[in-house]
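Shown next, in structure tokens, is the structure this report addresses.
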Amino acid sequence: MKHILFVVMSIFLSTSIFANDDDGVNGPYYAFYHLQVPNPGDLIDSMNRFWSSDCGKEYPADVALSQEIFNGSYTSTHFIINTFQNSADQAKAVEIMRSCKAGIKFLQEISADGVIPTMQYMGYALIDENDWTQDTVFAKFDISIEPESEVAFANAYLKMMNEVFKDTYVRSFGLGAVYYGRDRFTHWVWTGAKSIPELTDIVIERGTHPAYATFVNDVKDIRTVVNSTQVQILKGWARQN
């Protein structure tokens, strides 16, 4: 497992990464678009049509559609996640969706199908271990952390996960920081697996590990859990250019 250099992390936490991406070299950035979707099949069909269009072939991101199996009181049923490698890619995607006929048609189609946007945000993974793209189900925790406590929380979280990793089976996990759209929470934490039963086993083993109890005690005054979600990826669309 790779380890995060917290001197570098502190720089990211104290300075807006998007303001420092003039050359388009930082990233990846994760953009979440939460939606209320009455017919997921229609949404997948619309995304397939866009992806096969000339504009879709130029769309500069890896994209996945996920179902929020359990999400508390959130009104969204699904979310689309875009993975941009740098801010230049994100800017190109915005231009495609507002000027390309196929992009405009896609937005018109999903609106006509009754898809309702509920929330959107974009951020950067401060901790990103073991390639989450190899997993299909996730436990996602939306949390709020005060700015002065971000580094302390990240250190405590990574210390805990490294201890858990020594003794139990762990797949992907990470900590993301919301930079745009942080009106409900400031960070998200995820744990990945290949199936719901495997995810359940991983979450239970982590929750009963002694390091987890220490972690909870260490962060009890600096972290607020806003929501927890069980997520399953329905389909992915790989970047084509």
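The values are calculated or read from the model by the stated rules, or taken from the named source; none is laboratory data. This structure is a prediction, so every number in the text was calculated from the model and none was measured. Quick reminder, even Gly has a Cβ in these numbers, built from the backbone with ideal geometry, and neighbours come from all protein chains shown. Ligands, DNA and RNA are excluded from the accessible area calculation, which covers all protein heavy atoms including side chains. Shrake-Rupley method; radii C 1.70, N 1.55, O 1.52, S 1.80 Å.
A few comments on the model shown:
- The listed residue being at pLDDT below 95 and either under 27 Å from Tyr179 (Cα atoms) or surrounded by 20 or more Cβ atoms within 10 Å (Cβ to Cβ) (or both), out of Ser76, Ser87, Ser99: Ser87
- If you go through segment 161-191 and keep only what is open to solvent by 10 Å² or more (accessible area, probe 1.4 Å), assigned to a helix (DSSP H, G or I) and in contact (Cβ under 8 Å) with a residue 12 or more places away in the chain, you end up with Asn162, Glu163, Phe165, Asp167.
- One residue stands out among those in segment 109-147 that are charged (D, E, K, R) and under 15 Å from the mean Cα position of the chain (by Cα): the one that is farthest from Ile222 (Cα to Cα), which is Asp135.
- Test: residue in segment 193-206 that is open to solvent by less than 30 Å² (accessible area, probe 1.4 Å) and basic (Lys, Arg): yes
- From the list Val63, Val37, the one residue that fits, being of a type in the set (Val, Ile, Thr), at pLDDT 95 or above, closer than 19 Å to Gly174 by Cβ and surrounded by 14 or more Cβ atoms within 10 Å (Cβ to Cβ), is Val63.
- Restricting attention to segment 102-116, the residues that are open to solvent by less than 60 Å² (accessible area, probe 1.4 Å) and among the small types (Gly, Ala, Ser) add up to 3.
- Residue list for segment 80-112, filter: in contact (Cβ under 8 Å) with a residue 60 or more places away in the chain, touching a Ser or Thr at 6+ places or on another chain (Cβ under 7 Å) and closer than 30 Å to Leu199 by Cβ: Ile110
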